[in-house]
1. Which number in (1) in contact (Cβ under 8 Å) with a residue 24 or more places away in the chain; (2) crowded, with 16+ Cβ neighbours inside 10 Å; (3) within 11 Å of ligand 1 (Cβ to nearest atom) marks the one condition that Ser16 misses?
2. Would you confirm, using the coordinates I've provided, whether His102 is in a strand (DSSP E or B) and of a type outside the set (S, T, N, Q)?
3. Please work out which one of (1) over 20 Å from Glu56 (Cβ atoms); (2) more than 10 Å from ligand 1 (Cβ to nearest atom); (3) within 11 Å of the chain's Cα centre (by Cα) is the condition Leu40 fails and give its number.
4. Just checking, does segment 25-44 include any residue being part of a loop (DSSP other than H, G, I, E, B), farther than 17 Å from Cys88 by Cα and within 13 Å of ligand 2 (Cβ to nearest atom)?
5. Please specify each residue of segment 62-95 satisfying the condition of being away from ligand 1 (no atom under 14 Å from the Cβ), open to solvent by 30 Å² or more (accessible area, probe 1.4 Å) and not in a loop (DSSP other than H, G, I, E, B).
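The values are calculated or read from the model by the stated rules, or taken from the named source; none is laboratory data. These numbers were taken from a predicted model, which means no experiment stands behind them. We place every Cβ from the backbone using ideal geometry, glycine too, and count neighbours over all the protein chains shown. Accessible surface is based on the protein model in full, side chains and every heavy atom, while ligands, DNA and RNA are left aside. Shrake-Rupley method; radii C 1.70, N 1.55, O 1.52, S 1.80 Å.
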Amino acid sequence: MSDCIFCKIVKGEIPSEKVYEDDIVYAFKDISPEAPVHVLIIPKKHISNLNELKQEDENIIAHVFMIAKKLVKEFKIDEKGYRIVTNCGEDGGQTVNHIHFHLLGGRVLQWPPG
Ligand code: 5GP
Ligand code: ZN
């Protein structure tokens, strides 16, 4: 989608600190980190949020989680723990309308979130 900032990040039109890329997903450091590790994992395909997810895209989301598993090991947060979050819509606090999965770790995370 041409006016989507995460599509622009995927295309390299907006710079980002990439941590992983393949044909299906792109992962990069959040510009405003809420934890020592705060990575955003996104499908390269523009999907607005979970509401817009189609059956045919289920493998993309499965792949996102396999990459998350790889990244938690690389960032050495697999043993102490971490959180993966996707915000959806206004009440969920979604500010960028391209589905993304926050990977947070490196500190004790509060529960429930605010
Ligand atoms: P949301 O609130 O939609 O769940 O999360 C959007 C996230 O994207 C926020 O944590 C915000 O800091 C991050 N973000 C917004 N714009 C940019 C950007 O241009 N670059 C990077 N790296 N992160 C961004
Ligand atoms: Zn997009």
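1. If we test Ser16 against (1) in contact (Cβ under 8 Å) with a residue 24 or more places away in the chain; (2) crowded, with 16+ Cβ neighbours inside 10 Å; (3) within 11 Å of ligand 1 (Cβ to nearest atom), just (1) comes out false.
2. Details: in a strand (DSSP E or B): yes; of a type outside the set (S, T, N, Q): yes.
Answer is yes for this residue.
3. (2)
4. The answer is yes; a qualifying residue exists.
5. Listed by number, the residues that qualify are Ala62, His63, Phe65, Met66, Lys69, Lys70, Lys73, Glu74, Tyr82.
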